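> What follows is a structure written as structure tokens; I'll ask about it next.
The values are calculated or read from the model by the stated rules, or taken from the named source; none is laboratory data. None of these values were measured; they are calculated from a predicted model. No Cβ is skipped: glycine too gets one built from the backbone with ideal geometry, and neighbour counts run over all protein chains shown.
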Amino acid sequence: MFIRKPVEEIVTEPARKTVRMQHEKFGRTIGLNGCFGSSDLGQMTGFIPRALVKEIPNAFMRCPLALWPEVEGATQVLLHDDYQVVIDGCKERCLLKTLQKAGVEVDLAYALDEDFGLEKAAGPDFDESVMERVAEKIKKDIQELAKRDKQPIAERARG
């Protein structure tokens, strides 16, 4: 179980700066975690957070692998996020289980096969239009989560 330290006690200077800057600029932050597995759905989970951070300014891709073994800086940045979103490729939900085992409270969790009716196949290739549909649904769920907490999530200006 990992403990979130006060920002001034985070040993790694870049991590302290990241936490301070992101919270000063956005208030609340959203950690987006994808499993990035070897199947087509696992690969899709790595690209969905990338699509979401382009649209949600206070959402950031995180490195949950830094939890095992603990890498103090990356772990503390993840632990300082106000919301955690986990996107697993399949019903095994490896990433969700890993974060929960580490004591991280997860706000939204998805398994692409179970929650979106997608079939897992070997290989890295996936349908990008399907990914966009999934990302849009997750984005709407993130916006609803923030509304409940009265913290509107701004969208990036399209240009």
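> Residues in region 45-62: is at least one of a type in the set (Asp, Glu) and farther than 25 Å from Asp141 by Cα?
For region 45-62, residues of a type in the set (Asp, Glu) and farther than 25 Å from Asp141 by Cα: absent.
> Checking His80 against (1) closer than 15 Å to Asp141 by Cβ; (2) touching a helix residue (DSSP H, G or I) at 6+ places or on another chain (Cβ under 6 Å), only one condition comes out false. Which one?
Among (1) closer than 15 Å to Asp141 by Cβ; (2) touching a helix residue (DSSP H, G or I) at 6+ places or on another chain (Cβ under 6 Å), His80 violates only (1).
> Show me the strands (runs of 3 or more DSSP E) entirely contained within region 22-90 in which 3 or more residues are surrounded by fewer than 17 Cβ atoms within 10 Å (Cβ to Cβ) and β-branched (Val, Ile, Thr).
Counting at least 3 such residues, we get no strands (runs of 3 or more DSSP E) at all.
> Under 6 Å by Cβ, and 6 or more places apart or on different chains, what pairs join a residue from region 18-39 that is touching a residue at least 40 places away in the same chain (Cβ under 8 Å) with one that is buried (at least 20 other Cβ atoms within 10 Å of the Cβ) and assigned to a strand (DSSP E or B)?
Ile30/Ala59; Ile30/Tyr83; Gly31/Gln84; Leu32/Ala59; Leu32/Val85; Asn33/Val86; Gly34/Ile87; Cys35/Asp88
> Taking the condition of being part of a loop (DSSP other than H, G, I, E, B), touching a helix residue (DSSP H, G or I) at 6+ places or on another chain (Cβ under 7 Å) and modelled with pLDDT of 95 or more, how many residues in region 126-159 meet it?
1
> Let me ask something else about it. Would you mind finding the one in Leu32, Leu96, Leu108, Leu52 that is touching a Pro at 6+ places or on another chain (Cβ under 7 Å) and under 28 Å from Lys147 (Cα atoms)?
It is Leu32.
> Among the residues of region 93-106, write down those that are crowded, with 18+ Cβ neighbours inside 10 Å and under 18 Å from Ile142 (Cα atoms).
Leu96, Val104
> For region 107-135, what are the residues that are surrounded by 14 or more Cβ atoms within 10 Å (Cβ to Cβ), without any contact (Cβ under 8 Å) to a residue 60 or more places away in the chain and of a type outside the set (Ser, Thr, Tyr)?
Of everything in region 107-135, those that are surrounded by 14 or more Cβ atoms within 10 Å (Cβ to Cβ), without any contact (Cβ under 8 Å) to a residue 60 or more places away in the chain and of a type outside the set (Ser, Thr, Tyr) turn out to be Asp107, Leu108, Ala109, Ala111, Asp115, Phe116.
> Next question, about the same structure. Restricting region 107-125 to residues that are assigned to a loop (DSSP other than H, G, I, E, B) and among the aliphatic types (A, V, I, L, M), which is nearest to Asp141 (Cα to Cα)?
Leu118
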